[in-house]
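What follows is a short report on a single structure.
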Amino acid sequence: MRELLAKLTGTYGPSGNEEEISKVIEDEIRDYVDEIKTDVMGNLIAFKKGNGQGKRVMLSAHMDQIGLMVTHIDDNGFLRFSNVGGISVLNTINSKVIFKNGTIGNVSYESEIDNIKDIKLNRMYIDIGAKSSEEASNKVSIGDVAVYYSPLSDSNGRYIGGAMDDRAGCALLIQTIKELEDCKNDVYFVFSVQEEVGLRGAKTSAYSINPDVGIAVDVTSTGDTPKARTMAVKLGAGPAIKVKDGSVICHPKVKGLMIDRAEELGIPYQLEVLEWGGTDAGAIHLTREGVPSGAVSVPCRYIHSANEMVDGADLENGVKLLVAILEQEIEL
Amino acid sequence: MVELLKKLTEASGVSGNEDEVRDIIREEITPLVDKIYIDGIGNLIAYKKGKGEDVKKIMLCAHMDEVGFIITSISDNGMLKFKPVGGIDPRVLISKRVYIGKDKIPGVLGIKAIHLQEPSERKNAVKVEQMYIDIGVSSKEEAEKLVNLGDYAIFASDMVEFGDNKIKAKALDDRVGCLTLIEALKEEYDHDLYACFTVQEEVGLRGAGVAAYHVEPDIAVVVEGTTCSDVSGVDEHMYSTIMGSGPAITIMDGSSISNKALIEKLKATGDAKGIPYQIKKGTTGGNDAGKIHISREGVATCVVSVPCRYIHSPSSVMDMDDLKNTIELVKEFVKGCE
């Protein structure tokens, strides 16, 4: 799992530019699935056939990550940018970022600003070390997107790196595909695009799949750091079964089914009530005539920073839980 | 073309009340298309059959509606209280002239005189709640003879040609798009063309979602009037678009990320045909593409815009060449689609 996570988090793929990460995932899973395709939006959809007696289940983990889109190159070669998804000022100051072609830069702000509260993204810039507009333009163009540059590190069984949101979820799906053998249900594994800008890929893929059940696999916040905002999710206490977030109230039967499987197999789990944010389940459950939906979340600290932290055991247990959910009959 | 733009921009078409604009467009395009109809929400959809084989469905989209006002109550002294429809900066409103309802009853947006305002009121920007529309009557009864609650009001603003090839008008957003679609329908294409003139964009892209669900296009091109902030007091990196630099191609905004292959196709078309274009730098805001690209299983969608200064005001300004080049780019793009 560690190697897979390192590979996934190290691959470039901001919202709208998911080609490379899609290719990496496709290479990982091609031999383990019955069908695989990429749709108009860029969603990678893999199908694993069941024994014909089960349900159509859609699992979705988003491939995209947040990023910084270049909007202007000034005379001295500094790049102005706009956010792709939830880029915050505080998390970005003096972060290293990398473009698709490998160009690396540091993010800073107009130093005449005295009060940190006055720093807005439009008063920040990326410095790629270019000495002139021409030199910068040889490396990047307007519309190019950079992502946090943060190779995976290990620390006490935990992993720190960029884009855990949601490559951790992608890793869970990939590992589940590999471990899933005797399956009753027809399962569609969606590696969705553009979640960070509005759950867009999940919406169109859910429409085309028309599933009986939807399950999003994403990261969630924790409340276990010093003076954290109250939240009953801890790193290392097992995958979180979502109750609700800003985008969805999980279907009670889907949530109940997840809890039952975890209890039966003695898989540690926790219940997640996220007071803000959203995930692909928010789009899936409103598709067509409505789809009973839930979510399995990987607890993650420092979400949307260059250094997101997840726990290795949570990942292993997350895979166990997903395999258990999919292998058995799903009654709604 | 300038005459038609005048007719379109001066027509009344606040979101939810697009009839007058729709009638003008329908009259213009009926001879040009194979089928024309109005859907349940009010979108005007025109179908022009392609001449080729293995044709694709191309949807061109422009919204008919504009920002404006709706009358919400009539005071005892005959003054009208109102709410904005769509995004309007309240600071542009004071002393502007408006037309209310079908009969275009003239009115003036007023507020109590500056010497009657508290010092604290003078320091803050005026709120819509403090303003009223004065239609020159002195009682509620008189006002009720002329205006009904729920009537819409538009800015009273004639289109004017001025300066170096510039146009001043209200509602350039998005009558420039409507005009582009009308002009595009005058050509013949290999592919099936669906020109969708949508309603209620300014209040949440509502018509476009319905139209795209119905048309099920392979490709969609949204034609818009977009913000242009190339003015004094703005740092260059904050210019959204630059007037006179050609149609603006959107890479990303708040509602969609354009399909990359279509962006490349637009650029290649511009390069091949010698049509100038620019990449839009601003990434905020949204338009009909936001609903179209996530319709059903997803639609490859792009956005081409005419830069408009002072958008959503009674005096939006654009460059006539930008509009002409937008029309050319859209036409050539559709012709070159494979």
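Give the residues of segment B:228-244 that are away from chain A (no Cβ under 13 Å) and not hydrophobic (A, V, I, L, M, F, W, C), sorted by residue number.
We begin by selecting, within segment B:228-244, every residue away from chain A (no Cβ under 13 Å); these are B:228, B:231-233, B:243-244.
Scanning segment B:228-244 gives B:Ser232, B:Gly233, B:Gly244.
Check B:Gly290, B:Gly286, B:Gly282 and return the single one that is facing chain A (nearest Cβ under 9 Å) and part of a loop (DSSP other than H, G, I, E, B). Explain how you work it out, then say what you get.
Numbers: B:Gly290 fails: part of a loop (DSSP other than H, G, I, E, B); B:Gly286 fails: facing chain A (nearest Cβ under 9 Å).
Answer to the check: B:Gly282.
Among the residues of segment A:59-67, at least one is within 12 Å of chain B (Cβ to nearest Cβ) and part of a loop (DSSP other than H, G, I, E, B).
Each residue in segment A:257-283 was checked for being within 21 Å of A:Val319 (Cα to Cα), hydrophobic (A, V, I, L, M, F, W, C) and surrounded by 21 or more Cβ atoms within 10 Å (Cβ to Cβ), and 4 pass.
Of all the residues that make up segment A:145-167, how many are out of contact with any Asp or Glu (no Cβ under 8 Å at 6 or more places or on another chain), surrounded by 22 or more Cβ atoms within 10 Å (Cβ to Cβ) and not aromatic (Phe, Trp, Tyr)? The qualifying residues number 4.
With respect to A:Glu289, determine if the residue is part of a loop (DSSP other than H, G, I, E, B) and over 23 Å from A:Met58 (Cβ atoms). Give the derivation first.
Details: part of a loop (DSSP other than H, G, I, E, B): yes; over 23 Å from A:Met58 (Cβ atoms): no.
So A:Glu289 fails the test.
Considering only residues in segment B:245-264 that are assigned to a loop (DSSP other than H, G, I, E, B) and more than 9 Å from chain A (Cβ to nearest Cβ), the one that is surrounded by the fewest Cβ atoms within 10 Å (Cβ to Cβ) turns out to be B:Ser245. Does B:Ile70 satisfy being assigned to a helix (DSSP H, G or I), surrounded by 16 or more Cβ atoms within 10 Å (Cβ to Cβ), of a type in the set (A, V, I, L, M, F, W, C) and touching a residue at least 12 places away in the same chain (Cβ under 8 Å)? Taking the combined requirement at face value, the residue does not satisfy it.
Yes or no, residue by residue, for (1) among the small types (Gly, Ala, Ser); (2) touching a strand residue (DSSP E or B) at 6+ places or on another chain (Cβ under 8 Å); (3) surrounded by 20 or more Cβ atoms within 10 Å (Cβ to Cβ):
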| residue | (1), (2), (3) |
| --- | --- |
| A:Glu195 | no, yes, yes |
| A:Asn210 | no, yes, no |
| A:Val213 | no, yes, yes |
| A:Pro226 | no, no, no |
| A:Ala232 | yes, yes, no |
| A:Ile241 | no, yes, yes |
| A:Lys253 | no, no, no |
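Would you pick out the residues in segment B:135-147 that are surrounded by 12 or more Cβ atoms within 10 Å (Cβ to Cβ) and either in contact with a strand residue (DSSP E or B) (Cβ under 8 Å, 6 or more places away or on another chain) or assigned to a loop (DSSP other than H, G, I, E, B) (or both)? Once the filter is applied, which keeps residues that are surrounded by 12 or more Cβ atoms within 10 Å (Cβ to Cβ) and either in contact with a strand residue (DSSP E or B) (Cβ under 8 Å, 6 or more places away or on another chain) or assigned to a loop (DSSP other than H, G, I, E, B) (or both), segment B:135-147 yields B:Ile135, B:Gly136, B:Val137, B:Ser139, B:Lys140, B:Ala143, B:Glu144, B:Leu146, B:Val147. Does A:Met41 qualify as being within 26 Å of B:Val299 (Cβ to Cβ) and either more than 11 Å from every other protein chain (Cβ to nearest Cβ) or assigned to a strand (DSSP E or B) (or both)? No, not satisfied. Restricted to segment B:150-244, the set of strands (runs of 3 or more DSSP E) holding at least 3 residues that are touching a residue at least 40 places away in the same chain (Cβ under 8 Å) and under 12 Å from the mean Cα position of the chain (by Cα) comprises B:219-227.
Here, each number is a calculation from the coordinates, and none is a lab measurement. Every value quoted in this text rests on a predicted model; they were computed, and no experiment measured them. Glycine also receives a Cβ, built like all others from the backbone with ideal geometry; neighbour counts cover every protein chain displayed.
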